[in-house]
Structure formats: structure tokens, C-alpha cells
Amino acid sequence: MPYRTVRILILTVVACLILGGSAVLAQSKTAKQAESLSKAADDAKKQVRGVVEQLGKMLTGYNSIIDGSAKNAQSAYKKLAGDLKSTEKMLQGAQKSLQAMNKEADKFFADWEKDLGEFTNEDLKQKSMARLETSKSKYAALGESLGQAGDAFGPLVQNLNDQILFLGRDLSPEAIQDLQGEAEALNQQATEVTEEVKTLIASADAKPVEAD
């Protein structure tokens, strides 16, 4: 076999190996990105659920002071103040998780859009474009639901903060009695917010977390 022919064959084989390796690496990167995005979405939802649970515990402690069932009002108050700080930190954590999910989604979909330029089959390219738009819509809706859930907590936590501030200087039976009207309104607000957030979480759960 002529040297030139052998050289061409060798170069062809090498080119195929290089291109094939590049394709494998690209597929591996895509799989990792999809996994990261899925985990980020799961973490964001988990964080919001954690805030709901924490809020319930905090209200239980608050109401034990208001209805007089707490064995030691001062100890109950200290725990309540600590729970408020924990709730605020959890809210911040939920916001960061949502931001992380949005960042992962932006990166994933930006790379997907770049991949469209690699297609040689126009029909597959159009199908991929359609899946891209569907997936982007799903994650946009997911982010919106979780964002609304996080925002719903703000006014309630601020209301609790004001009432905890009020009790901090005066835990007398008279002061607690004077807070009954506000306490009733707070519990009503908490019920409404909790139901709203649970609905938003249910909506978020309905959004697939697997990238298409």
C-alpha cells in the first residue's frame, strides 16, 4: 500500500478517535449539567419546605406564651426569639438555593442553545429547539412558584418579629392579655400564608425537575 494512502488512513482513524472522544466528553458534560440542575431544583424545594416546618414550630412556641400553656414564659420567650433568628436564616438559605437553581438553569439552557448549532439534521434540530423551549418554560414556572412561596413568608415573619419585640420588654399577664387581638390576627395570617405556600409547593412539585 502506498505511503500516502497509509498516511491518509492513519489520519482518518486519528480524526475519528478525536471526534468520537469529543462527543463522549460533551455528552458527559451535558449529563453532569442536567444532574446539577435537578439537584439544585430539589434543594430549592427542600429549603422552602423547611421554612414551613420551622414556622409551624415557632408559632407553637408563640401561642404557648399567648394562651398561658408555657410552663415558663421567660424560657419559652428565649426559645421563640432563637427560633425567629433560625427562621430568618432559613429564609435566606431558601433564597440562595433558588438563586443557585436559576443560575444552573441559565447555564444549562445557554449550552443547550449552543448545541443547536452542531446539528446536521434539520428535523432533529427543530425537535431539540422545541424541547428546549418546553424545558425553559418548566423551569421558569418552577422558579416563579418557589419565589412566590419565599416572598409570602416575609410579612408574616415581620409581624412575628414585632410581637416578639413587644413581649421582650414585658411578659406580664397584662401585657400578654393586651396582645390577644394581634395574636388572633397573626394566627389567621399564618394560616393563610401556610396554605398559600403549600399550594405553591404543590405547584412546584408538579414541575418535573429532570432536564429534558
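Structural remarks
- Meets criteria (at pLDDT below 90, not in a helix (DSSP H, G or I) and not hydrophobic (A, V, I, L, M, F, W, C)) for residue 207: yes
- Region 85-99 - residue that is surrounded by fewer than 19 Cβ atoms within 10 Å (Cβ to Cβ) and not basic (Lys, Arg) and, of those, nearest to residue 41 (Cα to Cα): 99
- Selection status of residue 198, in a helix (DSSP H, G or I), surrounded by 12 or more Cβ atoms within 10 Å (Cβ to Cβ) and basic (Lys, Arg): yes
- Failed item in (1) within 30 Å of residue 102 (Cβ to Cβ); (2) surrounded by 14 or more Cβ atoms within 10 Å (Cβ to Cβ), with residue 164 passing the rest: (1)
- Condition check for residue 89: among the charged types (D, E, K, R), at negative phi, in contact (Cβ under 8 Å) with a residue 60 or more places away in the chain and assigned to a helix (DSSP H, G or I): no
- Candidates 140, 100, filtered to the one that is among the small types (Gly, Ala, Ser), part of a helix (DSSP H, G or I) and over 24 Å from residue 55 (Cβ atoms): 140
- Single residue of region 24-59 satisfying the filter (β-branched (Val, Ile, Thr) and surrounded by 12 or more Cβ atoms within 10 Å (Cβ to Cβ)) that is modelled with the lowest pLDDT: 30
- Residue in region 145-164 that is acidic (Asp, Glu), touching a helix residue (DSSP H, G or I) at 6+ places or on another chain (Cβ under 7 Å) and either closer than 21 Å to residue 88 by Cα or modelled with pLDDT of 95 or more (or both) present: no
The values are calculated or read from the model by the stated rules, or taken from the named source; none is laboratory data. The model shown is predicted, which means the values in this text are computed figures rather than measured ones. Heads up, the Cβs are rebuilt from the backbone with ideal geometry, glycines too, and the neighbour counts pull from every protein chain shown.
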